[in-house]
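> I'd like to ask some things about the structure below.
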Amino acid sequence: MKNPYLPHVAVIQDIRDEGPGLKSFDLAFRDGSVWEEFRPQPGQFVELSVFGEGEAPFGVATGAHETGLLRLSIQQVGRLTKMLHSMAPGDEVGVRGPFGNGWPLEAAKGKNLILIGGGIGMPPVRSALVSAMAEKDQYESISLFYGARSPEHITYADEIEQWIASDDAKINVTVDVGDDTWPGHVGVITTLLEDEHASPANAVTMTCGPPIMIHFVIPTLTKLGFSDDQIIVSLEARMKCGIGKCGRCNLGAEYICLDGPVFSYDHLQTMGIRL
Amino acid sequence: MDRLKILKSRLPDWLGKLRAQAAVYAPVERAGVTCFARLAPGDEPQLDYGNTDTPLKEVLFPQTECLITWQRTPEGLQVQEVDTSEPTVIFGARPCDVTGLRFLDRAFRLGGIEDPYWVRRRDKTTVISLVCPHPVPGCFGPSAGVNETSPEGADVVLTDIGSAYVVEVKSEQGQAAVDLASDAFTSAAEEDLIAAREAGETLLAELAEQAIDLEEPEARAKAFLQSPAWEQVWNRCLSCGICAFLCPTCHCFDICDQSCRGGGERIRCYDTCSSKIYTKQAGGHNARPTAKERLTQRVMHKFSYGPERLGVLGCVGCGRCRRCPVDIDLQLELSRVEVKEPV
C-alpha cells in the first residue's frame, strides 16, 4: 500500500535571500526518478519535513514547465522554519505531496488572467505567473498585482525586473510603506487594483495572500465589477496530513487540503463561508 | 444462516482459539477504568460491563502511534514507514462503538486516499459485537441510528440469554472466526432464539425511554447555533477536548517529531478541534480563535459536514461526551431545539 505519510528525501541545492526573514530553497529529490510522478501543478502545496522539528505545509513556487527543482519560499516565523533557515545546501529534508487541486489555469486560457499576491502568498502566485507566461499566447493577457510590506520585503525582486523587461505580463507592484529608494506605487493592494482599474472584462482573478488581505481584496474586486465566479482564492490552514484526515483544514463539508487550497468565491458563498 | 449458540462456559475455548490466530482485544478493567485491551494468555474479558470508559476506536486508531522513523547515516537520511498491523479480533464491543467504526472507515478512506495505518489494521480485524443487556444511563444509540441488536460493521453478534449467547454470523470473516472453535458452538434452539429476541425487545423498550430527538440533524444543528441556549454552552466550554478523546467517531490528530540519537520517530496523537492551538498557525493567525468557533465546528462536523461528506451521522449515541467537566451535553441541547421548516 502506498503510504502518503512517507516523505521523499530531498537535498537542498540552493538557498537565496529574498528579503528580511525570507529565503527561497531549491530542492532536488535524492532519488531523481521521484520528480516524474511528483510534478507539482501550479497552486499545489507540499508537506515539508525538517526531521526532528516536524512537518509544515508550503505552497509550491515552481512553475509547471520548471522541472527537476522544487522551489519553496519560506518566511521564518516558527520553530520549523527557524531550523530550516539555519540549513545549508547539501542538507536533507523530506517532502510529501503534491497536495490539493492547484490553480485552474486551463480554464483561464483565452482570458485576461489577473494574479493577485500579497506578502508570503506570493510563491503560489509565482507558480501561476511563470507557468502562464511560458504559454502566454494562450491567454488574452496576463497581469500581476503584488503587494509587499515595504520595498525590502519584495519577494523575487530580481525576477520581477526580468518579468517587467520581458513584456510577457503586466507587472504591478505596490508597497504598504515606501522609502526613499522606492519610485513605485505606495498603498495596500486594494488601492493598486483600483488605481490600475483592474477590469472584469473576459477576466479571471487568482489571489493568494494572508487572510486579512483576502478579506479586503474580495469586496474591492466586487466593487470593480468582478462576479463571484471570477474571483479565485487560495486558502491556507495548518494542515498536518495533507490528505483530509487530520481535520484541521475542514471547511464546511470540504477540506482545504483535498478540495482546495484553491476555491472559487461563488463556491465558497454557496458553502456559507465568509472570508 | 442457522443461528448458533455458545455456552458461556465454552467461551474460554473460543477465545483461546481466537488468541492463537490473532491479537484479541476485549473489555477489561484496569485501575478502575474499563477499556479495550489485548488479552494475554489467561486473561478473562469483562463482559458484564455497561460500556467501556474509553471508546473502541483506540484499538484501530491508538491515542499515539509511530508513523515513520528516520536515521541519519553516512549515506544520508534513511526514512522508513512503521507497520504494526496484525490479525486482530475485537471481542465484545457494544453496537454503538461498532457503528462508530463506520464513520472512521469512511473518514480514513476519504477522497480515495487511504490512511494506511487505519486501513491495514481495519482490514485485518474481525469484530465480534456484544448486545447490551440493558442501556447505560444516558445512551441513545437508536436516536443516532444505531442498530442495537445487529450493528452494521460487526462480523459476529452475540446476545446474552443467561447461560449462553445466541450467535449471529454476519460475514465470511465472522464465519471463519466461529469455525476456529466449531465444537464450542451448537445450533440455537427455537427457545434460545425467542430468548434472544425478547432480550432485544426489552433492551429497545428501555432505550426508548432514553431516546432523544435528533431528527433532521443538519437543520437541528443550525437552529441550535441560533438559539439562546448556544451562548450559554460555548461560553462554558473549557476547550479541554475530553469530548473528542472519548468520542467513537472523532479522528482529528496531530503529527510531531521526537528525535533521539541520530534519528527519530514521527508520531501522531489524538488532537481536538476544541483546542485553542488546533488551527493556530505559526504566523499567529487562528481561523477559530474562540470556543464559539471551535464548538461550532464540533456541532457542525458531527451533524452536518460529516453526514454530508461521509453519509453517516458523526454521533452514535454512546453518551460518553456527557462526561464533560462543565456538563455540556450537546446532543441533549440539540434535541431540545425547535426545528423550523428546512430552508
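> Give the share of C-alpha pairs in each 5 angstrom bin for the stretch A:145-221, from 0 to the last occupied bin, in whole percents, shortest bins first.
Computed distribution, short to long bins: 3, 14, 24, 26, 21, 10, 2, 0.
> Okay, moving on. Only helices at least 24 Å long along their axis, Cα-based, and averaging -1.0 or more on Kyte-Doolittle count here, so list those DSSP H runs from chain B.
Membrane-span-like by this rule: B:190-208.
> Related question: Within 10 Å of each Cβ of A:206-212, how many other protein chain Cβ atoms are there on average? Don't skip to the end; give the middle numbers.
On the way: counts 0, 0, 0, 0, 3, 5, 1.
Partner Cβ neighbours, averaged per residue: 1.
> Where in chain A lies the longest segment free of trypsin sites (Lys or Arg not before Pro) that are both loop residues by DSSP (not H, G, I, E, B) and have at most 10 other Cβ atoms within 10 Å?
Of all site-free stretches, the longest is A:3-273.
> Given the options A:H197, A:H85, A:H153, state which has the largest fluctuation in a GNM of chain A using a 10 Å cut-off (strictly under) for Cα springs.
Greatest mean-square fluctuation among the candidates belongs to A:H197.
> I'd like the projected area of the stretch B:217-336, averaged over all directions, using the convex hull of its alpha carbons. Report it in nm² with one decimal.
On the way: hull surface 36.3 nm².
Average of the hull's projected areas for the stretch B:217-336 equals 9.1 nm².
> Please identify the longest segment of chain B free of exposed GluC sites (Glu not before Pro), where exposed means a DSSP state other than H, G, I, E or B and no more than 15 other Cβ atoms within 10 Å. Before the final figure, lay out each step's value.
Working: sites that count: B:E75, B:E152, B:E209, B:E215, B:E338.
The segment B:216-337 is the longest one with no such site.
> Rounded, prolate or oblate: which fits the stretch B:100-224, taking a ≥ b ≥ c as square roots of the Cα gyration tensor eigenvalues, rounded meaning a/c under 1.5, else prolate when a/b beats b/c? Could you put the intermediate results ahead of the total?
On the way: a/c = 3.23, a/b = 1.15, b/c = 2.81.
Verdict is oblate for the stretch B:100-224.
> Let me ask something additional. Quick one: grab the alpha carbon gyration tensor of chain B, order the square roots of its eigenvalues as a ≥ b ≥ c, and give me rounded if a/c is under 1.5, else prolate or oblate depending on whether a/b is larger than b/c. Show your work: numbers first, answer last.
On the way: a/c = 2.18, a/b = 1.16, b/c = 1.88.
Because a/c hits 1.5 or more and a/b fails to exceed b/c, chain B counts as oblate.
> List the pairs from A:K23/A:K111; B:K222/B:K292; B:K276/B:K340 whose alpha-carbon separation is above 23 Å, in the order I gave them. It would help to have the intermediate numbers written out before the result.
On the way: A:K23/A:K111 33 Å; B:K222/B:K292 14 Å; B:K276/B:K340 33 Å.
Result: A:K23/A:K111; B:K276/B:K340 exceed 23 Å.
> Check B:A164: other-chain or 5+ apart residues with amide H under 5 Å from its amide H, H built from backbone geometry?
Sorted by chain and number, the residues that satisfy this are B:K8.
> Here's a follow-up. With a 10 Å Cβ neighbour count serving as the proxy for reagent exposure, in which order, fewest first, do B:L295, B:L204, A:L80 appear? Write out the running numbers ahead of the final one.
Details: B:L295 24, B:L204 15, A:L80 20.
In increasing order of surrounding Cβ atoms, one gets B:L204, A:L80, B:L295.
> With only Lys, Arg, Asp and Glu charged, each at its Cβ (+1 for the first two, -1 for the last two), find how big the charge dipole of the stretch A:105-234 is about the Cα centre; round to the nearest 20 debye. Intermediate values should be presented prior to the final figure.
On the way: 7 positive and 18 negative charges, 76 e Å.
In total the dipole reaches around 360 debye.
> A follow-up question, please. Loop-only check: which GluC sites (Glu not before Pro) in the stretch A:91-158 are DSSP coil with at most 14 other Cβ within 10 angstrom?
Working: sites: A:E92, A:E106, A:E135, A:E140, A:E152; in loops: A:E135, A:E140.
When the GluC sites (Glu not before Pro) of the stretch A:91-158 are filtered for loop state and at most 14 Cβ neighbours within 10 Å, A:E135, A:E140 remain.
> Only loop residues by DSSP count here, and only those with at most 12 other Cβ atoms within 10 Å; note down the trypsin sites (Lys or Arg not before Pro) in the stretch B:185-286 that meet that.
On the way: sites: B:R197, B:R220, B:K222, B:R236, B:R261, B:R266, B:R268, B:K276, B:K280; in loops: B:R261, B:K276.
Hits after loop and neighbour filter: B:R261.
> At q = 0.11 Å⁻¹, what is the base-10 log of I(q)/I(0) for the stretch A:1-142 according to the Debye formula with one equal point scatterer per Cα and no solvent? Please give it to two decimals.
For the stretch A:1-142, the Cα-only Debye profile gives -0.41.
> So how do B:D53, B:D192 line up by other beta-carbon neighbours within 10 Å, fewest first?
Working: B:D53 16, B:D192 21.
Ranking B:D53, B:D192 by Cβ neighbours within 10 Å, fewest first, gives B:D53, B:D192.
> Provide the net charge surrounding A:A237, with neighbours chosen by a C-beta distance below 15 Å and charges set as Lys +1, Arg +1, Asp -1, Glu -1. List each step's numbers first, then the result.
On the way: positive: A:R238, A:K240, A:K245, A:R248, B:K280, B:R288, B:R294; negative: A:E47, A:E55, A:E236, A:E254, A:D259, B:D254, B:D271, B:E293.
Result for the local shell: -1.
> Oh, and also: Name the shape class, rounded, prolate or oblate, that the alpha-carbon gyration tensor gives for the stretch A:105-234, where a ≥ b ≥ c are the square roots of its eigenvalues, rounded holds for a/c under 1.5, and otherwise prolate holds if a/b is larger than b/c and oblate otherwise. Let's see the in-between values first.
Numbers: a/c = 1.69, a/b = 1.19, b/c = 1.43.
Oblate is the answer for the stretch A:105-234, as a/c is 1.5 or above yet b/c matches or exceeds a/b.
> Restricting things to alpha carbons, find the Rg to Rh ratio for the stretch A:62-121 using the Kirkwood radius for Rh. Display every interim value, and only then the final one.
Working: Rg = 15.4 Å, Rh = 14.9 Å.
Here the Rg-to-Rh quotient is 1.04.
> Over the protein assembly as shown, with a single point scatterer placed on each C-alpha, what log10 of the ratio I(q)/I(0) does the Debye formula yield at q = 0.05, 0.07, 0.09 1/Å?
The calculated log intensity ratios at q = 0.05, 0.07, 0.09 Å⁻¹ are -0.28, -0.52, -0.80.
Just so you know, all these numbers are worked out from the coordinates, no wet-lab data involved. Since the structure is predicted, the reported quantities are computational estimates derived from the model, not experimental observations. No Cβ is skipped: glycine too gets one built from the backbone with ideal geometry, and neighbour counts run over all protein chains shown.
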